[in-house]
1. Mind listing whichever residues of the range 132-154 are small (Gly, Ala, Ser) and under 19 Å from the mean Cα position of the chain (by Cα)?
2. Counting just the residues of the range 59-80 that are surrounded by fewer than 20 Cβ atoms within 10 Å (Cβ to Cβ) and hydrophobic (A, V, I, L, M, F, W, C), which one comes out nearest to the chain's Cα centre (by Cα)?
3. Based on what the data block shows, is Ile110 among the aliphatic types (A, V, I, L, M), under 12 Å from Val58 (Cβ atoms) and surrounded by 18 or more Cβ atoms within 10 Å (Cβ to Cβ)?
4. For the range 114-154, how many residues are in a loop (DSSP other than H, G, I, E, B), touching a residue at least 40 places away in the same chain (Cβ under 8 Å) and in contact with an Asp or Glu (Cβ under 9 Å, 6 or more places away or on another chain)?
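The values are calculated or read from the model by the stated rules, or taken from the named source; none is laboratory data. Only a predicted model underlies this, so the values are computations on that prediction, with no experimental measurement involved. No Cβ is skipped: glycine too gets one built from the backbone with ideal geometry, and neighbour counts run over all protein chains shown.
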Amino acid sequence: MEKDKNILRIGIILIVAIIVGLNACEPEIIDRDGELETTVEENIGSITFDFPIPERNVPVDKIYRINLSIAVDAFSLYSGYFLKSANVSDLLRTYSFSLEDGEYYYQAGITCSAAGDTCLWDGFPGGQWGTKWTSGKIQIIKGEMIYKNLTFNN
């Protein structure tokens, strides 16, 4: 009985120590006379991607957006080290990002879920659940809005 109480006490002490340790990681909030400090980044531009579902031989309801990501260079893009990624949806067609002035690389992907060889005949590698990708380079200019239309080739 005494052994069970000691185990319970040790468990409670560990839980309290973990909670205290996690709360110690909270950043200190400094209120400067009730005023919020905001900084405006001066080297920011933005890009809006138009990400339509292509109308081809596959029914439109069988093609899905799966990826829209931006990286600082081609190596990072192909390695999966993205600077920004959109939570893509089949309900949204446009996606916007704010980025610092400079050159970036993007990629976008769609997949096909039609049964049989329909996806394969429409150029999706591997057929059903195959993925088509498009990628390229964009130049962000501070204070400007760039518009990019995404297209997928065979």
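1. Ser135, Gly136
2. Residue satisfying both the conditions and the ranking: Ile66.
3. Spelling it out, Ile110 is indeed among the aliphatic types (A, V, I, L, M), under 12 Å from Val58 (Cβ atoms) and surrounded by 18 or more Cβ atoms within 10 Å (Cβ to Cβ).
4. Going through the range 114-154 one residue at a time, the tally reaches 5.
Okay, residues lined up against (1) surrounded by fewer than 10 Cβ atoms within 10 Å (Cβ to Cβ); (2) at pLDDT below 75; (3) more than 16 Å from Ile140 (Cβ to Cβ):
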residue: Leu22; (1), (2), (3): yes, yes, yes
residue: Ile30; (1), (2), (3): yes, yes, yes
residue: Val40; (1), (2), (3): yes, yes, yes
residue: Leu83; (1), (2), (3): no, no, no
residue: Thr94; (1), (2), (3): no, no, yes
residue: Ser98; (1), (2), (3): no, no, no
residue: Glu103; (1), (2), (3): no, no, no
